[in-house]
């Protein structure tokens, strides 16, 4: 399968993969879909109502890994409510994700929603 240059770049040099050092003001959540063979853990750090940092770890196809990186990268500096307002469609377009793989990226939304619930963020 051919991958877009953005997918290849994010696989070679992910910007947000890893673990946050601080546990103060943070939340972590995982989501998976075994039928799609994907798993993701997202960790966010908040200061007041602002997301100051976000990291992820993931397992899945290249589109899923690049999608996690693309989505999580955009969280820093956003209001905490952004956890419930993720625009997966923007990631699909930016990464040229095939239609049959879009469902995998929705698992990332599940992890972000779980983080929001832990932080008591409402939609």
Identify the single condition in (1) closer than 28 Å to residue 5 by Cβ; (2) surrounded by fewer than 24 Cβ atoms within 10 Å (Cβ to Cβ); (3) touching a strand residue (DSSP E or B) at 6+ places or on another chain (Cβ under 8 Å) that residue 112 does not satisfy, given that it satisfies every other one. (2)
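Regarding the stretch 50-60, can at least one residue be identified that is over 22 Å from residue 1 (Cβ atoms), touching a residue at least 40 places away in the same chain (Cβ under 8 Å) and in contact with a helix residue (DSSP H, G or I) (Cβ under 6 Å, 6 or more places away or on another chain)? Can you show your working first?
Taking the stretch 50-60 first, the residues over 22 Å from residue 1 (Cβ atoms) are 50-57.
Still in the list and also touching a residue at least 40 places away in the same chain (Cβ under 8 Å): 56-57.
Retained after the next criterion (residues that are in contact with a helix residue (DSSP H, G or I) (Cβ under 6 Å, 6 or more places away or on another chain)): 56.
Among the residues of the stretch 50-60, at least one is over 22 Å from residue 1 (Cβ atoms), touching a residue at least 40 places away in the same chain (Cβ under 8 Å) and in contact with a helix residue (DSSP H, G or I) (Cβ under 6 Å, 6 or more places away or on another chain), which makes the answer yes.
Which strands (runs of 3 or more DSSP E) does the stretch 1-73 wholly contain that include 2 or more residues that are within 9 Å of the chain's Cα centre (by Cα) and over 16 Å from residue 91 (Cα atoms)? First the steps, then the outcome.
On the way: elements: 26-33, 38-47, 50-59.
Because the criterion is at least 2 residues that are within 9 Å of the chain's Cα centre (by Cα) and over 16 Å from residue 91 (Cα atoms), the strands (runs of 3 or more DSSP E) in the stretch 1-73 that meet it are 38-47, 50-59.
Can we say residue 83 is crowded, with 17+ Cβ neighbours inside 10 Å, touching a residue at least 12 places away in the same chain (Cβ under 8 Å) and farther than 24 Å from residue 117 by Cα? Can you show your working first?
Working: crowded, with 17+ Cβ neighbours inside 10 Å: yes; touching a residue at least 12 places away in the same chain (Cβ under 8 Å): yes; farther than 24 Å from residue 117 by Cα: no.
Against the criterion (crowded, with 17+ Cβ neighbours inside 10 Å, touching a residue at least 12 places away in the same chain (Cβ under 8 Å) and farther than 24 Å from residue 117 by Cα), residue 83 does not qualify.
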Look through the stretch 80-123, keep the residues that are over 14 Å from the mean Cα position of the chain (by Cα) and part of a loop (DSSP other than H, G, I, E, B), and return whichever of them is nearest to residue 47 (Cα to Cα). 119
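Read-outs throughout are calculated quantities, based only on the coordinates presented, and are distinct from any laboratory measurement. Note that the structure is predicted; figures quoted are calculated from it, not measured. Cβ: placed from backbone, ideal geometry, glycine included. Neighbour counts: every protein chain shown.
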